[in-house]
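See below for the structure under consideration.
The values are calculated or read from the model by the stated rules, or taken from the named source; none is laboratory data. A quick note: this is a predicted structure, and the numbers were derived from the prediction, not measured. Ideal geometry is used to build each Cβ from the backbone, glycine not excepted, and the neighbour counts take in all protein chains shown. Accessible surface is based on the protein model in full, side chains and every heavy atom, while ligands, DNA and RNA are left aside. Shrake-Rupley method; radii C 1.70, N 1.55, O 1.52, S 1.80 Å.
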Amino acid sequence: HTIKGPGLHRVAPTVRERLIDVSVPNNRDEEAGFRAKSDALLEAMRQNRCRRTLVFCNSVTSCRQVVNLLERQDRRNLIYKVLPYHNALKAKIRNDNLKAFKVAESKSSHVLVCTDRAARGVDFETVDHVVLFDFPSDPAEYVRRVGRTARAGRDGACTVLAYGWQLPIARSVMRKGKVLDRSMGNS
């Protein structure tokens, strides 16, 4: 069976997508890869200062690394408040973080660093920026992650970090969902 419909499995037309090549000379060098992705994440967050940013990671370990990175960059929460959201957290902490992210009343930005748990079943009224720190293992997950922003006709931004073999897949997925597909090198 094939299911078709307007907008089904597509990114909203009001999402500004940006693909950043975070390739390193040896893409198996996890430390160098993390540094490249970290630099790109920090730059994307500087360029997209907003009230609510979702950062998607593929694992709890990656979430923890990103949370540590962001907390070290802003130890006093003056720029952004970092909130983890993944299965390794107790339910109360997850729920408290989710509530704080949804409310986001302070002057600083709120950043929810999460696994795909936040791509499904959680309703966000407004998410301004989605960052795919880790490119999803299933390309269909791309649409679910990016679908957290630009809802109900609002504008939104998406930054995709990809390297090596992920780049052609990312370009293909982004092209199918939108006309806009900008790439940026490591310069």
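Quick check on the stretch 61-99: of everything there that is within 11 Å of residue 114 (Cα to Cα) and among the β-branched types (Val, Ile, Thr), which residue is farthest from the chain's Cα centre (by Cα)? Ranking the qualifying residues of the stretch 61-99, first place goes to 61. Take the conditions open to solvent by less than 10 Å² (accessible area, probe 1.4 Å) and either in contact (Cβ under 8 Å) with a residue 40 or more places away in the chain or outside any strand (DSSP E or B) (or both) and apply them to residue 131. Does it pass? In short, yes.
Tell me, which residue of the stretch 142-163 that is open to solvent by less than 10 Å² (accessible area, probe 1.4 Å) and over 12 Å from residue 14 (Cβ atoms) is modelled with the lowest pLDDT? Residue satisfying both the conditions and the ranking: 142.
Filtering the stretch 33-43 down to residues that are more than 15 Å from residue 164 (Cα to Cα) and free of Cβ contacts under 8 Å to residues at least 40 places away in the same chain, which residue is least open to solvent (accessible area, probe 1.4 Å)?
Going through the qualifying residues, I end up with 38.
In the stretch 57-75, the residues that are more than 14 Å from residue 37 (Cβ to Cβ) form Cβ pairs under 7 Å with partners that are surrounded by 14 or more Cβ atoms within 10 Å (Cβ to Cβ) and aromatic (Phe, Trp, Tyr), at six or more places apart or across chains, as follows: 74/80.
Cβ-Cβ distances below 8 Å connect the following pairs, each with a first residue in the stretch 157-174 that is of a type in the set (Gly, Ala, Ser), a second residue that is open to solvent by 30 Å² or more (accessible area, probe 1.4 Å) and part of a helix (DSSP H, G or I), and a separation of six or more residues or different chains: 162/169; 172/139. Looking across the stretch 49-88, the residues that are among the charged types (D, E, K, R), part of a loop (DSSP other than H, G, I, E, B) and out of contact with any Asp or Glu (no Cβ under 8 Å at 6 or more places or on another chain) come down to 49, 74, 75, 76.
Evaluate the following for residue 30: is it over 18 Å from residue 156 (Cβ atoms) and surrounded by fewer than 13 Cβ atoms within 10 Å (Cβ to Cβ)? Yes; evaluated as a whole, the condition is true for this residue.
Would you mind finding the one in 102, 107, 92 that is basic (Lys, Arg) and modelled with pLDDT of 90 or more?
Checking each option against the conditions leaves just 92.
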